[in-house]
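All remarks here apply to the structure that follows.
The values are calculated or read from the model by the stated rules, or taken from the named source; none is laboratory data. Quantities reported herein were computed from a predicted structural model and do not represent experimental measurements. Here the Cβ positions follow ideal geometry from the backbone for every residue, glycine too, while neighbour counts run over all protein chains shown. Ligands, DNA and RNA are stripped out before the accessible areas are found, and what is left, the full protein with its side chains, is counted by its heavy atoms. Shrake-Rupley method; radii C 1.70, N 1.55, O 1.52, S 1.80 Å.
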Amino acid sequence: GIAVAIRVQNGSPVLFRQTRVGLHGRQFEVLKFRTMQVGAHERLAELARDNEINGPAFKVTNDPRVTPIGRWLRRTSLDELPQLWNVLRGQMSLVGPRPERPVYVMEFSEKIPRYMERHREKAGMTGWAQVNGLRGETETIDKMAARVEYDLEYLRNWSLALDLQIILRTVRLVVFDRHAY
């Protein structure tokens, strides 16, 4: 259903692929449903003056490149469903530190102590930081440092019970409190 809606509204491709860094610093292609217009990357220069953050990241409130179905997919986190394929392929797990793009890994590893320790575990579709209010918070070094602390706490305290708690909290946040997740 989602793939058909994307294709009808915005054409192909339906999936978005992006290189991310996972376990032991290995790179892999993460899959998501496409939420932006085709050619969105080429429009970065025209939107550069509206960038709300410094560094390699790019953020524009109400980004005009995001499609109507894309806004809904992001709000409901359904854009992440194709990552189940990454889980089945062994590149990710359901729970773990969220994978980052290589450019961010390089920057964060230079500026955040112990950042690379989070790569001792498979990257996850959701994690301890995300269910504690730090979803997508990589705009600043301070926000990413806070995520790293949650990731390291997760690694120190890992248990099946903790994973189940994170999964249940993720479902609750996505279904009942979309603005928090």
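Do you know which of the residues in the stretch 40-67 that are in a loop (DSSP other than H, G, I, E, B), open to solvent by less than 30 Å² (accessible area, probe 1.4 Å) and at pLDDT 75 or above is nearest to Glu80 (Cα to Cα)? Ranking the candidates gives Thr67 first. Of the candidates Lys111, Lys122, Lys143, the single residue that is open to solvent by 70 Å² or more (accessible area, probe 1.4 Å), of a type in the set (D, E, K, R) and under 26 Å from Arg74 (Cβ atoms) is Lys143.
Can you tell me which residue among Arg89, Arg74 is under 12 Å from Phe28 (Cβ atoms), open to solvent by 50 Å² or more (accessible area, probe 1.4 Å) and among the basic types (Lys, Arg)?
Values: Arg74 fails: under 12 Å from Phe28 (Cβ atoms).
Of the residues listed, the single one that is under 12 Å from Phe28 (Cβ atoms), open to solvent by 50 Å² or more (accessible area, probe 1.4 Å) and among the basic types (Lys, Arg) is Arg89.
In the stretch 1-23, of all residues being in contact (Cβ under 8 Å) with a residue 40 or more places away in the chain and over 21 Å from Thr126 (Cβ atoms), the one that is surrounded by the most Cβ atoms within 10 Å (Cβ to Cβ) corresponds to Ile6. Given the condition farther than 19 Å from Leu162 by Cα, more than 16 Å from the chain's Cα centre (by Cα) and of a type in the set (A, V, I, L, M), answer yes or no: does some residue in the stretch 103-110 qualify? Yes, the stretch 103-110 contains a residue that is farther than 19 Å from Leu162 by Cα, more than 16 Å from the chain's Cα centre (by Cα) and of a type in the set (A, V, I, L, M).
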